[in-house]
Amino acid sequence: MDMTCCSSSAERLAGASRPATGVFNACARSPFSRSCVSFRHPSSSAGSPIPIVRAAVADNITSALTSSPCQNIWESFPDSDADLELSELTAISPLDGRYANQVKKLRSAVSEFGLIRYRVLVEVKWLLKLSEIPEILEVPLFSKDARSFLESIVTSFSLADGLSVKGIERITNHDVKAVEYVLKDKCRSHPELEKVMEFVHFACTSEDINNLAHGLMLQHAMHTEILPAMEKVIESLRSLSHEYADIAMLSRTHGQPASPTTLGKEMAIFCYRLEQQFMKVSSIKYMGKIAGAVGNYNAHVIAYPDVKWETIAEEFVSSLGLAFNPYVTQIESHDYMAELFDAISRFNNILLSFDRDIWSYISVGYFKQRVKAGEVGSSTMPHKVNPIDFENSEGNLGLANAIASHLSSKLPISRWQRDLTDSTVLRNLGLVLAYSLIAYKSTLRGIGKLEVDQARMKHDLLECWEVLAEPVQTVMRKYGIPEPYEKLKALTRGNAITKEGLQRFIDNLDLPMDVKTSLLKLTPETYIGMAVDLARRV
């Protein structure tokens, strides 16, 4: 085998442009190779193209994977580090570590245990439903004792039961089948149920159980934790709107001084916007199906052709508090989940904008933050009181929205009648809710520390008399004074305007005396339009 080396960039480019010579010069400029080499395969002729092979790449990759400049550091740690027990200190995700206490109430809904428990609930209720269908003679109407036994399986389902399911899953390598086997095992202890235990999971595909469990999980988490937290944020902003309704504040458009507003009215904007998205989030219909392997009730009909299976399915799904989806494949199409996560993202984006605005108001001194004894703002600058709650909220909203974006774009897409790509993604439903919940709580903590500095706000207003150019030129238009905009532009644009300078300009205008007097009394603090009323009625 021949090997040559390019001696210059020009030669390397020339070699790359002549692939038919039998020798292809390739400069191996990569993290794993420092030499420039080429090969001619012994069996290749001068005119036949051959593949590029880079010298020593395999050895260099092996070296990169087995050594590091920092290797001596981590190798000095105890061997036991490799098998650390899970705790808040050892959790990989901060949701189960640093922030675990803030999101722990979500665990009963959107954890693996929550999913398994809801699967058990769906399986049990489906068996109960089958017993109520007269045409299914093999599953007669259950006695009160049998029904009570089945219902107790759900109400008393424990972590130990969940671990039993996981134990069987290690054998079956199938999570839903493991649930079925655990339920059958429990039914064996009841004589009446033992006779019908093969009707556990009757005519169901795994996704019949999963989609209903996921819908119930989401409703549980949304209605017990997320929606109440959203509402607290909205109500907190409503309180700020009313409390600060008449506190005048300099507006800034493009970062520059603009017509004054009130602090309360600016809070009211966010309150209203969040309220609109809250209504959209809370109005989402959680969908469900139980139509078999491809959505046609194939197995149902072949076993019991006289049963009105679509009616039964709709009754069953509705009895769980979910909306029935009549047109499905093996899976429920997850369109409602996409709607839900998009709606949550819109709420989060508005709140993220609020966080940034408050951060900015703090930075210009409009808000002070109450100091908490013992807290440290900086490891080196003792004076710092940082807006950490709003920064924490912003960061977690970004994480929530990143995951929500993937969920909403991926989940509605499935190959043909189903592929498995949704399964692993659905295991992350709780992440969107958990990161969002952390953010909502952080924003609420931040709001609770705010104190308005009215003196600072007044100072800024009285430094910007040029913002009254707008009302003066508008009144000039009303009374037919020519080129009002142009005259005020010449006076104020790029110029520092004082109260006296503006009043001299007004004094020289050909206006009725009462109108001129009204303009002369106007100040940046009083030029706030309907802001007070807008803030108070939100």
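The values are calculated or read from the model by the stated rules, or taken from the named source; none is laboratory data. Predicted model, so just to flag it, every value in this text is computed and none were measured. Methodologically, a virtual Cβ is constructed for each residue, glycine included, from the backbone with ideal geometry; neighbour enumeration extends over all protein chains shown. Areas reflect the complete protein model, heavy atoms only, side chains present, ligands, DNA and RNA absent. Shrake-Rupley method; radii C 1.70, N 1.55, O 1.52, S 1.80 Å.
Just one of the listed residues (Ala213, Ala178, Ala203) is farther than 17 Å from Tyr118 by Cβ, modelled with pLDDT of 95 or more, of a type outside the set (S, T, N, Q) and crowded, with 20+ Cβ neighbours inside 10 Å, namely Ala203.
Cβ-Cβ contacts under 7 Å between residues 6 or more apart (or on different chains), taken from a first residue in the stretch 454-483 that is in contact (Cβ under 8 Å) with a residue 24 or more places away in the chain and outside any helix (DSSP H, G or I) to a second residue that is open to solvent by 70 Å² or more (accessible area, probe 1.4 Å) and not basic (Lys, Arg), are listed as Ile481/Asp510. Of the residues making up the stretch 466-486, those that are in contact with a Ser or Thr (Cβ under 6 Å, 6 or more places away or on another chain) and hydrophobic (A, V, I, L, M, F, W, C) are Val467, Ala469.
Which one is modelled with the lowest pLDDT among residues in the stretch 69-83 that are of a type outside the set (Phe, Trp, Tyr) and outside any loop (DSSP other than H, G, I, E, B)? Only one residue fits best here, namely Ser80. In the stretch 510-518, the condition of being open to solvent by less than 60 Å² (accessible area, probe 1.4 Å), within 20 Å of Ser259 (Cβ to Cβ) and modelled with pLDDT of 95 or more is met by at least one residue. Among the residues of the stretch 96-114, those that are of a type outside the set (Val, Ile, Thr) and open to solvent by 10 Å² or more (accessible area, probe 1.4 Å) comprise Asp96, Arg98, Tyr99, Asn101, Gln102, Lys104, Lys105, Arg107, Ser108, Ser111, Glu112, Phe113. For the stretch 476-504, the set of residues classified as more than 22 Å from Asp514 (Cα to Cα) and basic (Lys, Arg) consists of Lys489, Arg493, listed by residue number.
Of the residues screened, Thr421 is one that is touching a Lys or Arg at 6+ places or on another chain (Cβ under 9 Å) and β-branched (Val, Ile, Thr).
Residue by residue, here is whether (1) modelled with pLDDT of 95 or more; (2) out of contact with any strand residue (DSSP E or B) (no Cβ under 8 Å at 6 or more places or on another chain); (3) among the β-branched types (Val, Ile, Thr) holds:
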| residue | (1), (2), (3) |
| --- | --- |
| Ser360 | yes, yes, no |
| Gly374 | no, yes, no |
| Gly377 | no, yes, no |
| Val385 | no, no, yes |
| Gly395 | yes, yes, no |
| Lys410 | yes, yes, no |
| Gly430 | yes, yes, no |
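Filtered by the rule that a residue be in contact (Cβ under 8 Å) with a residue 60 or more places away in the chain, outside any helix (DSSP H, G or I), within 24 Å of Ala338 (Cβ to Cβ) and of a type in the set (A, V, I, L, M), the stretch 270-312 gives Met287, Ile290, Ala291, Ala293, Val294.
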